[in-house]
Amino acid sequence: MADPIQPLESSAASEPKAEVPEEVLVRRSRRGDLTAYDSLVKRYQERIYATIYHMTSNHEDANDLAQESFIKAFQVIESFKGGSSFYTWLYRIAVNKTINFLKQRKNRMHMSLNDLDFNAEHDPDLMALISHKTPRRDAGLTELQEKLNAALMKLSEPHRMVVVLHDVQGQSHDEIAKVMDCNIGTVRSRLFYARQQLQSELADYLK
Amino acid sequence: MDPLLKLLTLKRHEVPPPGYFNNFSSQVVTRIRLGDSANSEGVLGTMFVEAPGLLRFIQMFTARPAVAGVFASVLFLLLVVGIVYSDYSTPTNPENFMQSQAEQISPISTVASVTPGFLDQSVPAPSGLVSSTNPVFSFEPVDSQSGGQNSLLQPVGYTH
């Protein structure tokens with residue numbers, strides 16, 4: 001029998017937030033508790049969305065794929081055996097869904113980029129790239145953003161995924177290997193090759 | 001720090017529209033409640049995934065209504081032409097009808113042409129419709145035992 005529904009994260013506003021363990025939320029979700037699953041979605045929505053967005057360079061596609069990934073995860077949550085963390089398992093669903101989507105729509109690449117946040121203009125590393133010392137000093141952040149996304153889209157899906165997960169999202173080689181269901185050596189070699197490709201594509205902006 | 005890695009930090013500053021995540025989880029839960037996975041798993045979703053060209057075709061209509069109008073006009077014209085053509089192509093000439101029937105029984109004449117010794121050599125080669133050589137349409141018994149003339153191979157007069 002299902003546990004009595006306990007208030008989850010959102011109800012603990014007046015007291016120090018005691019985060020419900022992931023295992024508990026997963027167990028309740030397996031019983032069909034959508035309140036618990038709502039908490040899981042809230043916990044991972046930004047990371048899942050960001051990964052898909054960086055892979056597709058399209059906000060609308062990322063929105064659809066992120067929602068569908070969470071829906072798919074709920075539909076097959078019975079198959080989650082707990083061998084890995086729920087986050088890794090969920091990530092795997094999202095990654096597979098995204099790669100399949102991109103393979104099937106290879107000829108219909110359309111970028112719909114999100115805006116840059118306020119902090120981008122104050123990032124010293126980024127400012128250095130568009131400073132007067134660079135040969136492309138006329139390039140603004142928006143142009144850099146477009147060039148970067150275009151260069152990323154030229155990579156194959158597995159190579160792009162490795163760059164996104166490692167260099168953008170900061171995941172470890174080991175985590176990436178689990179998510180992409182390959183060994184660490186493959187992750188490293190893909191990362192090396194993808195960076196080389198990006199270097200050559202963006203050479204004008206990296207001098 | 002590697003300039004490429006510096007440039008890649010730009011991706012971290014790309015953010016969805018303000019408030020985007022406020023309703024995200026509720027939308028997911030609502031879709032789960034409604035059993036709404038049709039966007040990706042349903043017949044239409046599958047069809048679009050299997051045939052992305054079809055999706056592009058439909059999207060072209062939504063993006064350019066003029067194209068949709070032209071396409072509809074072409075379809076209408078084709079329909080009209082089809083109707084008009086079907087009126088004129090009705091077989092009313094009996095000779096045409098007979099000719100089409102002759103073409104249907106052509107296998108027999110083909111057999112006859114490849115086995116000339118099978119037929120009586122005195123019989124002139126058929127130059128027109130030879131319906132009487134078709135054993136399917138003949139109910140006369142074959143008189144091969146008595147050495148009589150095979151009714152299936154009787155000469156036929158060709159008069160028009």
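Some observations on this one:
- Listed pairs A:81/A:154; A:106/A:147; A:97/B:6; A:81/A:106 exceeding 27 Å between Cα atoms: A:81/A:154; A:97/B:6; A:81/A:106
- The magnitude of the dipole of segment A:44-168, with charges of +1 and -1 set on the Cβ of Lys/Arg and Asp/Glu and taken from the Cα centre, is near 660 debye.
- Protection proxy ranking of A:141-151, A:160-170 - average other beta-carbon atoms within 10 Å, highest first: A:160-170, A:141-151
- Burial of 20 Å² or greater, segment A:16-58 residues [accessible area, probe 1.4 Å, versus chain by itself]: A:34, A:38, A:41, A:45, A:46, A:49, A:54
- Its alpha carbons give segment A:60-204 an Rg and a Dmax of 17.3, 57 Å.
- The B-A contact accounts for roughly 4100 square angstrom of buried accessible surface, both chains included, probe 1.4 angstrom.
- Taking label points 7 Å from Cα along the Cα-to-Cβ direction, residue B:80 and residue A:103 give a separation of 4.8 nm.
The values are calculated or read from the model by the stated rules, or taken from the named source; none is laboratory data. Keep in mind that this is a model prediction, so the values were computed, not measured. Backbone-built Cβ (ideal geometry, glycine too); neighbour counts: all protein chains shown. Side chains included, ligands, DNA and RNA excluded: accessible areas come from the protein's heavy atoms. Shrake-Rupley method; radii C 1.70, N 1.55, O 1.52, S 1.80 Å.
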